[in-house]
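Here is the structure we will look at, set down as structure tokens.
The values are calculated or read from the model by the stated rules, or taken from the named source; none is laboratory data. No experiment lies behind these values; they were computed from the predicted model shown. With ideal geometry, Cβ positions are generated from the backbone for all residues, glycine too; neighbour counts draw on all protein chains shown. SASA here: full protein model, heavy atoms, side chains in, ligands and nucleic acids out. Shrake-Rupley method; radii C 1.70, N 1.55, O 1.52, S 1.80 Å.
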Amino acid sequence: DAAAALQTLSVIKARISAEMEEHLGEDAWAAQLLSRLLQVDQVPLRIVALRTALGEMPDPYSRAQFYDVVMSTAADVRELVTSGQPIDPDLVGRLQQLQDQTASELGLKKGR
């Protein structure tokens, strides 16, 4: 529903703002990339976009930094869902898929 989708987008925007403030912009690029990847509707296209983004990252530190932002955002969203916040289930699913796929692409767990 539209209200839940707007709520979820505001959570992601708040996460981006928090990342910018907390790290003085150091993780802002990763949070913005995550936000853009979450907007890709089709799973195969999202995987291609993720692989492309990871491939364009200049070093292992950048990939680790992106993964950290994905993991912390997923943890924050899980806490919101657990506390009863109306988070769009589709977006929660997209975030989980990106979390799993990023781990798989980085060799941190076996792909599904």
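Identify the residue in region 16-28 that is modelled with pLDDT of 75 or more and not in a helix (DSSP H, G or I) and, among all such residues, is least open to solvent (accessible area, probe 1.4 Å).
Within region 16-28, the first condition is being modelled with pLDDT of 75 or more, and the residues that meet it are 26-28.
Restricting the remaining residues to those that are not in a helix (DSSP H, G or I) gives 26-27.
Values: Glu26: 94, Asp27: 10 Å².
Per the criteria, the residue is Asp27.
Here's the yes/no breakdown for (1) out of contact with any helix residue (DSSP H, G or I) (no Cβ under 7 Å at 6 or more places or on another chain); (2) open to solvent by less than 30 Å² (accessible area, probe 1.4 Å); (3) of a type in the set (Lys, Arg); (4) at pLDDT 95 or above:
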| residue | (1), (2), (3), (4) |
| --- | --- |
| Asp1 | yes, no, no, no |
| Gln7 | yes, no, no, no |
| Ala14 | yes, no, no, no |
| Ala30 | no, yes, no, no |
| Val40 | no, no, no, no |
| Leu45 | yes, no, no, yes |
| Arg51 | no, no, yes, yes |
| Leu54 | no, yes, no, yes |
| Asp76 | no, no, no, no |
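In this structure, is Ala74 assigned to a helix (DSSP H, G or I), over 16 Å from Ala53 (Cβ atoms) and among the small types (Gly, Ala, Ser)?
yes
Give me the pairs: first residue in region 84-109 and in contact (Cβ under 8 Å) with a residue 24 or more places away in the chain and crowded, with 17+ Cβ neighbours inside 10 Å, second residue part of a helix (DSSP H, G or I) and small (Gly, Ala, Ser), beta-carbon distance under 8 Å, and six or more apart or on different chains, which are they?
Ile87/Ala4; Asp88/Ala4; Asp88/Ala5; Leu91/Ala5; Leu95/Ala74; Gln99/Ala74
Just one of (1) assigned to a helix (DSSP H, G or I); (2) over 11 Å from the mean Cα position of the chain (by Cα); (3) of a type in the set (S, T, N, Q) trips up Gln85, so point out which.
(1)
Any chance you could count how many residues in region 56-74 are open to solvent by 80 Å² or more (accessible area, probe 1.4 Å) and closer than 16 Å to Gln32 by Cβ? Write out each step before concluding.
Here is the first cut: in region 56-74, the ones open to solvent by 80 Å² or more (accessible area, probe 1.4 Å) are 56, 58, 60-61, 68.
Okay, now just the ones that are also closer than 16 Å to Gln32 by Cβ, so 56, 68.
Here the count works out to 2.
Could you please give the count of residues in region 57-106 that are closer than 17 Å to Ile12 by Cβ and touching a Phe, Trp or Tyr at 6+ places or on another chain (Cβ under 7 Å)?
1
Specify the residue that is nearest to Leu33 (Cα to Cα); the eligible residues are those in region 88-112 that are outside any helix (DSSP H, G or I) and of a type in the set (Gly, Ala, Ser).
Looking at the filtered set, the residue picked out is Gly107.
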